[in-house]
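Undergrad: Below you will find the structure I want to go over with you.
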Amino acid sequence: QVQLVESGGGLVQAGGSLRLSCAASGRTGSTYAMGWFRQAPGKEREFVIAISRGGGRTLYANSVKGRFTISRDNAKNTVYLQMNSLKPEDTAVYYCAASSLTLATMSRSYDYWGQGTRVTVSS
């Protein structure tokens, strides 16, 4: 079992930055690839970004490429999502997730999920 807890969400103006953290406990370390998803009001959950177990590979949604980066510190069992140049359309609840696959963009490929942290970007 893996428990994931996100933090770092909040209200930010367009063009600003936020860094989200996802702390993992339980069976962790480099066992899982990690991803971030988001769900905006009235919309389905969508893939944002993912990082491989060792951190050497990443996948990005086109909508965040060049603005968001993902990193992980396996010693601290923590994954980070750095979000720059935020836009109002980035407003959503952001979820951290863990997958036993090498890398994945499909939500059904993820085994564990956090409770989410809300990000609101004002125009």
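The values are calculated or read from the model by the stated rules, or taken from the named source; none is laboratory data. Note that the coordinates shown come from a computational prediction; the quantities given were computed from them, not determined experimentally. No Cβ is skipped: glycine too gets one built from the backbone with ideal geometry, and neighbour counts run over all protein chains shown. With ligands, DNA and RNA removed, areas are computed over all heavy atoms of the protein, side chains included. Shrake-Rupley method; radii C 1.70, N 1.55, O 1.52, S 1.80 Å.
Undergrad: Taking the Cα centre of the chain as the origin, how large is its charge dipole in debye, to the nearest 20, when only Lys and Arg (+1) and Asp and Glu (-1) carry charge on their Cβ atoms? Don't skip to the end; give the middle numbers.
TA: Working: 14 positive and 7 negative charges, 35 e Å.
Roughly 160 debye, rounded to the nearest 20.
Undergrad: If you average 1/r across every pair of different Cα atoms in the chain and take the reciprocal, what Kirkwood value do you get, in Å?
TA: In the chain this quantity evaluates to 14.1 Å.
Undergrad: For region 12-112, state which GluC sites (Glu not before Pro) are in a DSSP loop and have at most 15 other beta carbons lying within 10 Å of their beta carbon.
TA: The qualifying sites are E44.
Undergrad: Stretched out fully, how many nm does the piece from V5 to D73 gain, at 0.36 nm a residue minus the Cα gap? Intermediate values should be presented prior to the final figure.
TA: Values: separation 68, 0.36 × 68 = 24.48 nm, distance 1.49 nm.
23.0 nm is the gain from fully extending V5 to D73.
Undergrad: Follow-up question, since we're still on this one. How far apart, in nanometres, would the label points at N62 and R45 be if each is projected 7 angstrom from Cα along the Cα-to-Cβ direction?
TA: 2.4 nm
Undergrad: Something else: Over region 40-91, with every protein chain in place, what whole percent of the accessible area is carbon and sulfur at 1.4 Å, could you tell me?
TA: Details: 1290 of 2870 Å².
Looking at region 40-91 in its full context, I get 45 percent from C and S.
Undergrad: If N is the number of residues in region 49-107, what value comes out of its Cα radius of gyration divided by 2.2 N^0.38 Å? Show your work: numbers first, answer last.
TA: On the way: Rg = 11.8 Å, N = 59, 2.2 N^0.38 = 10.4 Å.
This ratio for region 49-107 stands at 1.14.
Undergrad: A further question follows. Per residue, how many Å² of accessible area does the chain show with a 1.4 Å probe?
TA: That works out to 50 Å² for each residue.
Undergrad: Could you work out how much longer the chain between A23 and S85 gets when fully extended? Use 0.36 nm per residue separation minus the Cα distance between them, nm to one decimal. Spell out each step's value before the answer.
TA: Working: separation 62, 0.36 × 62 = 22.32 nm, distance 2.41 nm.
The span from A23 to S85 would gain 19.9 nm if fully extended.
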